[in-house]
Amino acid sequence: MSQPQAIIFDLDGVLTDTSEYHYQAWKHLADDEGISLTHEENDEHLRGVGRRESLMYIIRGHQYSEDQIQEMMERKNRYYHALIERMTPKEIVPGGVALLEEIKSAGIKVAIASASKNCRLVLDRLQLTSYFDGIADGNCVVNGKPAPDIFVYAAGLVNVFTPNCIGVEDADAGIQAIKAAGMKAVAIGPASRFHGPDKVLPNMENKHLKDLLVE
Ligand code: BG6
Ligand code: MG
């Protein structure tokens, strides 16, 4: 692929460090319940994974009713809201706005594919909503990452065939989703976290369009 027709970004942990806020909110809940949860477990089992699947990992081996599960998901979301309601555009990754502007001026569509139901809230807090030609979030598709659905949906929003898209992700579940969607995958984070991305960048700071391009 010389130049993609669309670049589709994950949000949490890519354009902003909300993956840390998700961890803190889950940690708060796990502490309430007397269950241990470490940063390492978060990276390995929760990063990029949906709300219910994340809770199922945390409470594995414990007995809870469906009502208790629903209450815990709501409680975690309240803890998460308390963290994100204070967010400002200062929490966009350094160089993030310049990168989005560079991509748009190159005539490439920009979209979001996030598993989060809070995606639009975070984009609004960051004042980023208007930069995107399409936003696919946790309310759009039933099957979460690693299923390809959210990336395919995002490609549809910007009218681009999936092989002409690059997906950008900080979670291995997301890299698997991008590859299953037939896109090129750019991974953000330590190479040891990922299986089979087309490119790995250690972080998203001050990146340019050329950094995201894949052969
Ligand atoms: C993903 C995050 O983007 O969204 C996960 O990486 C999170 O940590 C998932 O669990 C679902 O988010 P929410 O806001 O719908 O609970
Ligand atoms: Mg992410």
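The values are calculated or read from the model by the stated rules, or taken from the named source; none is laboratory data. Just so it is clear, the structure is predicted and the values come from calculations on it, not from any experiment. For neighbour counting, all protein chains shown are included, and Cβ atoms are generated from backbone atoms with ideal geometry for every residue, glycine included. SASA here: full protein model, heavy atoms, side chains in, ligands and nucleic acids out. Shrake-Rupley method; radii C 1.70, N 1.55, O 1.52, S 1.80 Å.
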Can you list residues whose amide H is under 5 Å from Lys199's amide H, if they're 5+ apart or on another chain and H is modeled 1.01 Å from N?
Ala185, Ala187
Hull-based mean projected area of the chain, where the convex hull spans the alpha carbons, in square nanometres
11.1 nm²
Of all stretches in the chain that avoid trypsin sites (Lys or Arg not before Pro) placed in a DSSP loop and having at most 16 other Cβ atoms within 10 Å, the longest is 118-215
Under-5 Å amide H pairs with Ile135, H placed in peptide plane, nonlocal only:
Ile112
Heavy-atom accessible area per residue - the range 1-116, 1.4 Å, Å²:
47 Å²
Can you pull the accessible area of Asp67 for me, 1.4 Å probe, Å² to the nearest 10?
120 Å²
A correct Karplus calculation of ³J(HN,Hα) over the range 123-134, with 6.51 cos²θ - 1.76 cosθ + 1.60, θ = phi - 60°, whole Hz and x for Gly and Pro, returns 4, 5, 4, 7, 6, 10, 3, 6, 6, 9, 7, x
By how many degrees, between 0 and 90 and to the nearest 10, does the Cα long axis of helix 18-32 differ from the longest principal axis of the chain?
10 degrees
Tell me, what is the percent relative contact order of the range 120-215, built from C-alpha pairs under 8 Å that lie six or more residues apart?
19 percent
Let's see if you can work this out: charge +1 on each Lys and Arg Cβ, -1 on each Asp and Glu Cβ, no other charges. What is the dipole magnitude of the chain about its Cα centre, in debye to the nearest 20?
480 debye
Fully extended, how many nm does the chain gain between His208 and Asp133 (0.36 nm per residue separation, minus their Cα-Cα distance)?
25.1 nm
Over the chain, with every protein chain in place, what whole percent of the accessible area is carbon and sulfur at 1.4 Å, could you tell me?
49 percent
Backbone HN-Hα couplings from phi across the range 161-175 [Karplus 6.51/-1.76/1.60, Hz, Gly and Pro as x]:
5, 4, x, 9, 10, 10, x, 10, 8, 9, 10, 5, 4, x, 4
Under 5 Å, built H, 5+ apart or other chain: amide partners of Thr16:
Val93
Which entries of Lys76/Lys184; Lys90/Lys117; Lys104/Lys184 have Cα-Cα distances beyond 29 Å here?
Lys76/Lys184
Relative contact order of the range 1-152: what whole-number percent is it, with Cα pairs under 8 angstrom and at least 6 residues apart?
31 percent
Each residue of the range 75-87 in turn: what ³J(HN,Hα) in whole Hz from Karplus with 6.51, -1.76, 1.60 and θ = phi - 60°, glycine and Pro shown as x?
5, 4, 5, 5, 4, 5, 4, 4, 7, 7, 5, 8, 5
Keeping all protein chains in the complex and leaving out DNA, RNA and ligands, what accessible area do you get for Leu123 with a 1.4 Å probe, in Å² to the nearest 10?
0 Å²
May I ask you to give the average projected area over all directions of the convex hull of the Cα atoms of the range 85-131, in nm² rounded to one decimal?
3.5 nm²
